[in-house]
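A.B. asks: Dumping the structure here so I can ask a few things about it.
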Amino acid sequence: MPQNGPEVLGPTPRDPSQLYWDPDAQTMDPEARRELQDRRLRQLLAKIFEIPVPLFERKLRAAGIENPEDVKGVEDISAIPLTVKQDLRDSEAAIPPWGDYRFTDPHRAVRLGTSTGTTGTPTITLWTRHDLWIEYESAARTWWRYGHRPGMIVTHAHPAYLYGGGAMLSGAYEYFGFLNIWVPPPDTDELAEQGLRFWTRVKPDIPFMGFSTGRFFEVAAKLGIDPLDAGLEFKGLPGFGLGKGMPLMTAGAECYAYVGGACGQAPGAHVCEDWAIVQAVDPETGREVPDGEWGNLVVTTLDRDNGLLRYDLEEACAVLREPCPCGETTMRALWGGRFKDLISTQGKRFQASELESALRSVPGVSEPTLEWQLVRPRPGEEDRPLQVRVERGASASTGDDGGAGAGDLAKQCVGAVREALGIEADVKILPRESIPRSGYKAARVVDE
Ligand SMILES: [Zn+2]
């Protein structure tokens, strides 16, 4: 195998009929895998003291760990304090631009990305070639599980430039051997049209699926493009909340973009345990909650050039360790949403997506897409009806000034929300296109 030829850009070809992308890793004996995790964890801690990595060294010393031999393995890490996003933000602010939590010289990295920065200054993530390879291999396990194979045409509309997600996804697609069509995020109708027109020329084998799927449907309807001609099939994004959960697919680009993948045997997603210790943790005690219960998603990345130790994503996670019928031997994990996205009103807590599922049951507001917003209840106002805005559907009776049908639609929405969530809402029906559109994740929860 040449060490500097084009072959090193991609993985060794697989037999398309084999069950797993990486059988050795995915069906490894769990005890052997635990030993691998223990060894890789000790290597991580050794690097923290040797390099050193001051932020994590402080965390270790706070737990009374003065040298890496104090930790034998995964069993011992509950004592290590958690690190949250704000710690990284503070570190970068105190010692700009990189902070004091890097394991490698930034000049050894080949890619940089910033977080979306919806709250506070975005933090910077760095990947070396080795870090990217771990992400690409992890993603490949998932796509292979789905039945996708190299040679298929795939498409996405992730944001680019400083936000690292789009480059990461494109890189992972190309590494796997997909033909990758990267269209612009549909921020405007013109940009959405570019993507739609291209898909009618080169139709992807795997239909577009993303946060902005609804945008493409909306613009296709305006342009008179049949979504099927553009390879679009609307499956909708699954509703999920703390009660139900969905497979844990990602721990964010800043931590582990492709930490898990669903095998089709519900529930949960198989976790790449050879490259991460994923825990559902009670943040009060730092200890893992019992299997199947919700805790904070805490991830320790293994074998990376840029690692994170006990990183608390402030999102809900539950882990399941029963053997999976698919034959993979890794644990599975469920994701229950971000805690900061939890809405608290009238004594109930729920995810915005649960409200969205309720509204989706009202046909008059969900065609061609459901467009809505809610105003986050301010402290002291949690007992008032939740303020919700919903656009009328394109096919609902239009009554020029929002008149005739609006009252009925509002009543139907109020009823759907009451039934699904047990809360009172004050629903305003708005004309089509009153709520701002987004090419990526629409802002559904607004602070006013
Ligand atoms: Zn499985």
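A.B. asks: Scan V298, V271 and give me the residue that is buried (at least 20 other Cβ atoms within 10 Å of the Cβ) and within 15 Å of the ligand (Cβ to nearest atom).
C.D. replies: V271
A.B. asks: Report whether or not D38 is among the acidic types (D, E), buried (at least 16 other Cβ atoms within 10 Å of the Cβ) and either within 22 Å of W143 (Cβ to Cβ) or modelled with pLDDT under 95 (or both).
C.D. replies: Criteria not met by D38.
A.B. asks: Note down all Cβ pairs under 6 Å where the first residue falls in region 128-144 and is in contact (Cβ under 8 Å) with a residue 24 or more places away in the chain, the second is part of a helix (DSSP H, G or I), and they're at least six residues apart or on different chains.
C.D. replies: Every condition considered, the pairs that remain are T128/R108; Y136/A172; Y136/Y175; A139/A172; A140/F176; W143/F176.
A.B. asks: Which members of region 341-392 meet the condition of being in contact with a Cys (Cβ under 9 Å, 6 or more places away or on another chain), of a type in the set (V, I, T) and not in a strand (DSSP E or B)?
C.D. replies: Scanning region 341-392 gives V362, V365.
A.B. asks: Which of the residues belonging to region 395-444 are aliphatic (A, V, I, L, M), surrounded by 14 or more Cβ atoms within 10 Å (Cβ to Cβ) and modelled with pLDDT under 90? Outline the logic, then answer.
C.D. replies: Kept after step one, since they are aliphatic (A, V, I, L, M), are these residues of region 395-444: 396, 404, 406, 409-410, 414, 416-417, 420-421, 423, 425, 427, 429-430, 435, 442-443.
Those still in the list that are surrounded by 14 or more Cβ atoms within 10 Å (Cβ to Cβ) too: 396, 406, 409-410, 414, 416-417, 420-421, 423, 425, 427, 429-430, 435, 442.
If the condition is that a residue be aliphatic (A, V, I, L, M), surrounded by 14 or more Cβ atoms within 10 Å (Cβ to Cβ) and modelled with pLDDT under 90, then A396, A406, A442 are the ones that fit.
A.B. asks: Another one. Does region 324-333 contain at least one residue that is under 15 Å from the mean Cα position of the chain (by Cα) and within 14 Å of the ligand (Cβ to nearest atom)? It would help to see each step written out before you state the result.
C.D. replies: Initially, region 324-333 is screened for residues under 15 Å from the mean Cα position of the chain (by Cα), giving 333.
Filter once more, keeping what is within 14 Å of the ligand (Cβ to nearest atom): 333.
Scanning region 324-333, I find at least one residue that is under 15 Å from the mean Cα position of the chain (by Cα) and within 14 Å of the ligand (Cβ to nearest atom), so the answer is yes.
A.B. asks: Evaluate the following for V319: is it within 19 Å of the chain's Cα centre (by Cα), part of a strand (DSSP E or B) and within 16 Å of the ligand (Cβ to nearest atom)?
C.D. replies: In short, yes.
A.B. asks: Can you name the residue in region 334-353 that is touching a Phe, Trp or Tyr at 6+ places or on another chain (Cβ under 8 Å) and of a type outside the set (S, T, Y) and, of all such residues, is nearest to the ligand (Cβ to nearest atom)?
C.D. replies: As a first pass, look at region 334-353 and keep what is touching a Phe, Trp or Tyr at 6+ places or on another chain (Cβ under 8 Å): 335-337, 342-343, 351, 353.
Filter again for of a type outside the set (S, T, Y), leaving 335-337, 342-343, 351.
Working: W335: 16, G336: 19, G337: 23, L342: 29, I343: 32, Q351: 25 Å.
This residue is W335.
A.B. asks: Moving on to the next point. State all residues of region 259-306 that are of a type in the set (D, E) and not in a strand (DSSP E or B); if no residue qualifies, say none. Even if it seems obvious, please write down each step before you answer.
C.D. replies: So the first thing to find is which residues in region 259-306 are of a type in the set (D, E), and the list is 273-274, 282, 284, 288, 291, 293, 303, 305.
Once the filter is applied, which keeps residues that are of a type in the set (D, E) and not in a strand (DSSP E or B), region 259-306 yields E273, D274, D282, E284, D291, E293, D303, D305.
A.B. asks: Here is a further query. Which one is nearest to H270 (Cα to Cα) among residues in region 331-383 that are modelled with pLDDT under 95 and among the basic types (K, R)?
C.D. replies: Per the stated criteria, the residue is R338.
The values are calculated or read from the model by the stated rules, or taken from the named source; none is laboratory data. The structure displayed is predicted, hence computed values, not measured ones. Cβ atoms come from the backbone with ideal geometry, glycine included; neighbour counts cover every protein chain shown.
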